[in-house]
Every structure is written in structure tokens, then in C-alpha cells.
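The values are calculated or read from the model by the stated rules, or taken from the named source; none is laboratory data. Note that this is a predicted model, so its numbers are computed, not measured. Here Cβ is always computed from backbone atoms with ideal geometry, including for glycine, and neighbour counts include all displayed protein chains. Surface accessibility is based on the protein's heavy atoms, side chains included, excluding ligands, DNA and RNA. Shrake-Rupley method; radii C 1.70, N 1.55, O 1.52, S 1.80 Å.
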Amino acid sequence: MTRSVFRFLSRQPDPVEIANATYLLRLPKTSDYRQWYRLRSESRAFLEPWEPTWRADEMTENAFRNRVIRNEQEFASGQAVPLFVFLRAEDQLIGGLTIGYIRRGAAQCCMIGYWMGERYAGNGHMAQAVKLAIPYIFSTLQLHRIEAACIPENHRSIRLLEKAGFQREGYLREYLKINGQWRDHLMFSLLSQDSVQPKNLSD
């Protein structure tokens, strides 16, 4: 490994903190492992139907450390902004929200994905995290379009996106391999000029 590449891999990305009085969204750290492990482990049956198949080493500390390094690389290169969602008062990890597939040039768009620990689901937490992320995407990242895709049976996610002002655009056949199967998805989008203001969001 050359010295310049080593410096890139070891460089810490600039801090990202998107917050209000209740929530904090920030880049993952290796020190988050214990909270992440506990939350993901107890929520496994709840999350697996909506996610790619978990690898055999999915929950190991080494795999998590590699994930954090990859997140830092993607953020530093402008490809993605992977965020953990915390309740500020308790400094409690409750889920994650990734601003990914950032495309510049003529597109100026991204795709968001998110997950929530089972014990915190249904309380509006992820809806508020999305509400916080939208101004960051349009103002700080200066993107024009946010996309989100979800499985048609994921009614909770569809309601969240619709209440946040996203519009349904199409049906994508076998779009992503989820839990070992190629699944159809619905595509939603939100544009920077859309006038709908998110209100009374629930996840």
C-alpha cells in the first residue's frame, strides 16, 4: 500500500451532525459497535424481511469495523452519507439512515434507505430522521432529487414517504435482492422544488 493511499484510508471524515432537540444523525464510529450489535441482534427477525441477506459474519466486531472504514471512504469520496440515528438525551442508537448513490453531473440526485430497531418502530422516530435529512440533502449537499424504493408490502415505509411529500413514480420489477429473493419495488421521489411540507410524520 502506498503512503498516499494509507493516508486516505486512515483520514477521518469531516464531522456530520444533523440534529434537533430530540435526535442526532451522525456518521458511525467504531465505538458504536456494542449499541449497534445489541439493537441489530434483538431486531433481526423484524429487519431481515426488508434487507439483503445477512452474511455469516454480519454481527462480528471486525465486520462492523470494516463497515465503518467503508462508510468513511464513501463519505470522503462523495458517494454516500451513512448516518446512525440517536435519541440525544439518552445517546441511544435507534436506527440508521443512509444517503447513498449520490450522483452529480446532470443527475444531482441520491437515494435514501433506512432501518429502525424493532423496539423503537412505530413511534415516528424514522419519520423525524427523514424530516431532518431532507434539508441537509437539498441545502448542504445541494442535490435536486431524492429517490427511495420500497417493497410494495412495506406499508409502514410507504406511509412514511408519502407523508414526507414523496411521490410514487413507478414499479420496478425484481429491483433488489432482499432476504435472498429478487423483489419488486415501488419508486418514490422528492424534488427540491416540491412544496409539500412534512407534517405529522409517523414511521
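Across the chain, the fraction of Cα-Cα pairs farther apart than 25 Å, rounded to a whole number, is 38%. Taking amide H atoms as placed 1.01 Å from N in the peptide plane, the amide H of Q92 lies under 5 Å from those of L87, each 5 or more residues away in sequence or on another chain. Along the positive direction of the dipole of the chain (beta-carbon charges: Lys, Arg +1; Asp, Glu -1; about the Cα centre), which of Q181, I99, G170 reaches farthest? Most positive-ward Cα: I99. Summing charges over all other residues whose Cβ lies under 13 Å from the Cβ of Y37, with Lys and Arg as +1 and Asp and Glu as -1, gives +1.
Summing +1 for each Lys or Arg and -1 for each Asp or Glu among the other residues whose beta-carbon sits under 12 angstrom from that of N71 gives +2.
For the chain, averaging the sequence separation of C-alpha pairs within contact (under 8 Å, six or more residues apart) and dividing by the residue count gives a relative contact order of 19 percent.
Ordered from largest to smallest accessible area (heavy atoms of protein chains, 1.4 Å probe), the residues S43, S31, S192 come out as S31, S192, S43.
Across segment 68-108, the mean sequence separation of Cα contacts (distance under 8 Å, 6 or more residues apart), normalised by length, yields a relative contact order of 33 percent. Antiparallel beta bridges, as assigned by DSSP with both residues in segment 37-175, represent about 80 percent of the total such bridges. Rolling a 1.4 Å probe over the protein heavy atoms gives the chain an accessible area of 55 Å² per residue.
Beta bridges per DSSP, both residues in segment 103-203: antiparallel share near 85 percent. Modelled this way, with points 7 Å down the Cα-to-C-beta line, the labels at A21 and Y37 are 3.6 nm from one another. Here segment 111-168 exposes an accessible surface that is 43 percent carbon and sulfur, computed with a 1.4 Å probe and the other protein chains kept in place.
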